[in-house]
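Each remark here refers to the structure printed beneath this line.
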Amino acid sequence: MSTEKVEIFDTTLRDGEQVPGCKLNTSQKLKIAARLDEMGVDVIEAGFPISSPGDFKSVTEISKMVKNAAVCGLTRAVKKDIEVAAEALKYARKPRIHTGIGTSDSHIKYKFNSTREGIIDRAIEAVSYAKKFVEDVEFYAEDAGRTDNEFLAKVCTAAIKAGATVLNIPDTTGYCLPEEYGNKIKYLKENVTGIHKVRISCHCHNDLGMATANAIAGISNGARQIECTINGIGERAGNTALEEVVMILRQHPTLNLTTGIDPKFLYDTSTMVSREMGMLVQPNKAIVGANAFAHSSGIHQDGVIKNRETYEIIDPADVGVTESAIVLTARSGRAALAYRAKKMGYELTKLQLDSVYNEFLHYADVRKEVVDNDIHEIMELSRKNRAI
Ligand code: KIV
Ligand code: ZN
């Protein structure tokens, strides 16, 4: 079975930038977009051009700069939005307009005070209008996660007939279970007329911590684009994390799916986005968190020192992390202490290690972590006591 490519649609600069306090200026956005392009992202959602003059400028400048990826601008199903997005994207080598409308009953009733028929009409009108400006039009059915499948299939059929090239099925509220989201994609593949002509996209939010699992369920059922952000940032609890889907597909070759992303960039890009946005990465964040390759319990440290594979499924170098960290705490054993001491130039006999280890435990009990300076002190003390 040959391996198929899943396109990576990065929305760090649009959905990600919606996070309160994470506003970026144009030069920061250009810096991040250049990196996304370099690392192999297929589509960069650069912003929502009608939302502000700053966003319009950023989408324009990114369109001029990006060499490989398609550049995308978001719109509502509103003619003016589409015209402004087309204007901002006019320099892009590969422009894409991302237009759409809410399709769940609560969006139809409360946001639009409309009917299902009315929503289909607006979807057709928006896609057809966007098509006048660009060839590549992605249609989103907002809140598709909570939209009745039969109606969703009707909207999608209409959007394809109007010229959509990509169908985005967002789980806007992060509500779906992975099996439910996967079945939704399967249902659309089986019930939407013309579906073979377009790419299905997963856009999953993380309100219940299932954004990545849902995106994987989506591509396992035939979707071929994932919308994601660096560090999983985005509205409320965030979006699917780019680094997670990239590494899941690499670590599970039996899925026969791959991306065009070079994973060597993952850690550095995570740091860049965190720094530019002033938004810390949680230490236990998968792949890029400070503890993702750190080992602190004695049993784990002993295993990793003997062979990394005992407790690591990813070689840290693959994602651009220099090396695994052996963190010395009161839970560490002799093996970890000897390993770290040796790296610092202290070769200890078994007897010496026993005695130094006792001293180490006194330090470890009063500190959260024993650092290199503490080890120098411990060695100095042991020397004075003639233990080494
Ligand atoms: O979550 C969502 O539904 C969105 C759309 C605008 C694509 O971000
Ligand atoms: Zn979203």
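The values are calculated or read from the model by the stated rules, or taken from the named source; none is laboratory data. Since the structure is predicted, the reported quantities are computational estimates derived from the model, not experimental observations. FYI the Cβ positions are ideal-geometry reconstructions off the backbone, even for glycines, and counts take in every protein chain you see.
For the range 120-145, the set of residues classified as away from ligand 2 (no atom under 16 Å from the Cβ) and touching a strand residue (DSSP E or B) at 6+ places or on another chain (Cβ under 6 Å) consists of R122, A123, A126, V127, A130, K131, V134, D136, V137, listed by residue number.
The number of residues in the range 228-265 being within 25 Å of C22 (Cα to Cα), away from ligand 1 (no atom under 16 Å from the Cβ) and acidic (D, E) comes to 2.
The residue that is nearest to S201 (Cα to Cα), counting only those in the range 1-49 that are more than 16 Å from ligand 2 (Cβ to nearest atom) and of a type in the set (K, R), is K5. The residues of the range 67-87 that are away from ligand 2 (no atom under 16 Å from the Cβ), crowded, with 24+ Cβ neighbours inside 10 Å and under 25 Å from the mean Cα position of the chain (by Cα), listed by number, are A69, V71, A85.
Condition test on E244, is it in contact with a Ser or Thr (Cβ under 6 Å, 6 or more places away or on another chain) and under 15 Å from P178 (Cβ atoms)? Yes; evaluated as a whole, the condition is true for this residue. If you go through the range 196-245 and keep only what is part of a helix (DSSP H, G or I) and surrounded by fewer than 18 Cβ atoms within 10 Å (Cβ to Cβ), you end up with H196, K197, S220. In the set G222, G218, only one residue is more than 27 Å from D81 (Cβ to Cβ), modelled with pLDDT of 95 or more, in contact with a helix residue (DSSP H, G or I) (Cβ under 7 Å, 6 or more places away or on another chain) and not polar (S, T, N, Q); that residue is G222. Taking the criterion of being among the polar types (S, T, N, Q), more than 16 Å from ligand 2 (Cβ to nearest atom) and touching a strand residue (DSSP E or B) at 6+ places or on another chain (Cβ under 6 Å), no residue of the range 89-119 qualifies.
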